[in-house]
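Report on one structure; see the data block that follows.
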Amino acid sequence: MQLKLSWMKYNKYIKESPLVSEIGLGAWQLGENSGWQSMSEKEAIDMVCESIELGVNFFDTAPNYGRGTSELRLGKALKSFDRSQLVINTKFGHTDTGKTNYDAHYIRTSLEGSLKRLQVDYVDSFIIHSPPSQYLDGNNNPHYEILERLVEEGKICAYGASLDTYNDMKLFMDTTNGRVIEAFFNVLHQDSAKAFDLAQQKEVGIIVKIPLDSGWLSGKYNAESTFNDIRKRWSKMDIITRSNLIEKVKQIIGKENNLAQTALSFCLSFDAVSTVIPGNTTMAQLKNNLESANKPISRELVETLRDFYKNEVEHLHLPW
């Protein structure tokens, strides 16, 4: 029996899946040695089970998360629940060995490996993982014929891509039958929102990835912060720039509002968005993030944050 939060909202994703919780669980951190913050298998399984009890039914993973251990742990946790009520998204392109392989002939091999690790017969969606733009044109790549065949076989319900920009999203939607996009979108990165209207027209489900800008929109970092994980890619100037922007965001939203919850609610304010997938490394973070679904922000604040992006952020071309 699920102890669902009374305020959890469920949105349309794809026709073949149940409605999805507007806040899902990003499963990168569930894997062993994930490059962010490692969790034990027990901690990972407990996190998944707790999220389901609170009403989460959407789970996003990939073969390279923890070199396959994210999928393995997610699969073990989900075995205790009704598969028909769960929505699972996994990916192709970054392998469980840590290498990249976007070759069309590897699609089926990658999917079969994911299905085995997840202990399921199908996944609801299967997306190309942050591919180079050259793979997005459905008229010039053999990938999409293979993906269509996998839909016919019932191994996937829909396919899509994980993308960062409006141009890539438009190209993908204009040339393929993909019905899912995992879009890089948050207060500091809003380019992908330009494609949201087109996504609604084409009935493409939008998963919002990196909604807290790799932790910056949680409010716990500043100009003096240093990073020893994947985020060490940022230069000192990148860190100072982001820190200054975060201070301005805090001023806009006011001290009375929780920064992380407001950042998630901003993403959820867009009708095109099916679900948002913040990462959680503790139960406290999980519950804090889920609480954002109970705290919608005003249209006025949404527009103010959009204007802030256009006037003060967009021209900076912040690196991921």
Long-range neighbours under 8 Å by Cβ, at least six apart or interchain, first residue over 15 Å from Gly68 (Cβ atoms) and aromatic (Phe, Trp, Tyr) within the stretch 24-47, second in a loop (DSSP other than H, G, I, E, B) and at pLDDT 85 or above: Trp36/Thr281
Top-ranked residue in the stretch 114-144 [being surrounded by fewer than 17 Cβ atoms within 10 Å (Cβ to Cβ) and more than 21 Å from the chain's Cα centre (by Cα); ranked as nearest to Val204 (Cα to Cα)]: Asp137
Among (1) in contact (Cβ under 8 Å) with a residue 24 or more places away in the chain; (2) closer than 21 Å to Ile127 by Cβ - the single one Tyr106 does not satisfy: (1)
Qualifying residue in the stretch 14-22 (condition: assigned to a loop (DSSP other than H, G, I, E, B), closer than 30 Å to Glu203 by Cα and of a type in the set (Val, Ile, Thr)): yes
Filter result (touching a Phe, Trp or Tyr at 6+ places or on another chain (Cβ under 9 Å), crowded, with 23+ Cβ neighbours inside 10 Å and over 20 Å from Ile277 (Cβ atoms)) within the stretch 145-173: Leu147
Qualifying residue in the stretch 219-231 (condition: in contact (Cβ under 8 Å) with a residue 60 or more places away in the chain and surrounded by fewer than 21 Cβ atoms within 10 Å (Cβ to Cβ)): yes
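Rundown of residues vs (1) under 18 Å from the mean Cα position of the chain (by Cα); (2) farther than 16 Å from Thr275 by Cα, yes/no style:
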{"position": "Ala183", "(1), (2)": "yes, no"}
{"position": "His189", "(1), (2)": "yes, yes"}
{"position": "Ala199", "(1), (2)": "yes, no"}
{"position": "Ile207", "(1), (2)": "yes, no"}
{"position": "Asp229", "(1), (2)": "no, yes"}
{"position": "Lys232", "(1), (2)": "no, yes"}
Matching residues, the stretch 286-307, being within 30 Å of Lys236 (Cβ to Cβ) and more than 23 Å from the chain's Cα centre (by Cα): Thr304, Asp307
Selection status of Ser6, over 20 Å from Arg83 (Cα atoms), surrounded by 23 or more Cβ atoms within 10 Å (Cβ to Cβ) and at pLDDT below 95: no
Residues located in the stretch 17-46, provided they are under 13 Å from Gly75 (Cα atoms), within 17 Å of the chain's Cα centre (by Cα) and of a type in the set (A, V, I, L, M): Ala27, Leu30
Unmet criterion (only one of (1) surrounded by 12 or more Cβ atoms within 10 Å (Cβ to Cβ); (2) in a loop (DSSP other than H, G, I, E, B); (3) of a type in the set (Asp, Glu)) for Glu256: (1)
Residue tally, condition of a type outside the set (A, V, I, L, M, F, W, C) and surrounded by 18 or more Cβ atoms within 10 Å (Cβ to Cβ), over the stretch 174-211: 12
Close pairs (8 angstrom Cβ cut-off, 6 or more residues apart or separate chains): surrounded by fewer than 17 Cβ atoms within 10 Å (Cβ to Cβ) in the stretch 283-306, among the aliphatic types (A, V, I, L, M) and assigned to a loop (DSSP other than H, G, I, E, B) anywhere: Lys287/Leu54; Asn294/Leu5
Wholly enclosed strands (runs of 3 or more DSSP E) of the stretch 94-193 bearing at least 2 residues touching an Asp or Glu at 6+ places or on another chain (Cβ under 8 Å) and hydrophobic (A, V, I, L, M, F, W, C): 156-163, 180-184
Residue selected from the stretch 234-243 under the condition aliphatic (A, V, I, L, M) and surrounded by 14 or more Cβ atoms within 10 Å (Cβ to Cβ), by the criterion nearest to the chain's Cα centre (by Cα): Ile239
Hits in the stretch 267-320 (condition: in a helix (DSSP H, G or I), polar (S, T, N, Q) and under 23 Å from Ser6 (Cβ atoms)): Gln285, Asn288, Asn289, Ser292, Asn294
Members of the stretch 52-72 that are assigned to a helix (DSSP H, G or I) and either in contact with a Ser or Thr (Cβ under 9 Å, 6 or more places away or on another chain) or without any contact (Cβ under 8 Å) to a residue 12 or more places away in the chain (or both): Ile52, Thr69, Ser70, Glu71
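The values are calculated or read from the model by the stated rules, or taken from the named source; none is laboratory data. These numbers were taken from a predicted model, which means no experiment stands behind them. Neighbour counts run over all protein chains shown; Cβ positions are idealised from the backbone, glycine included.
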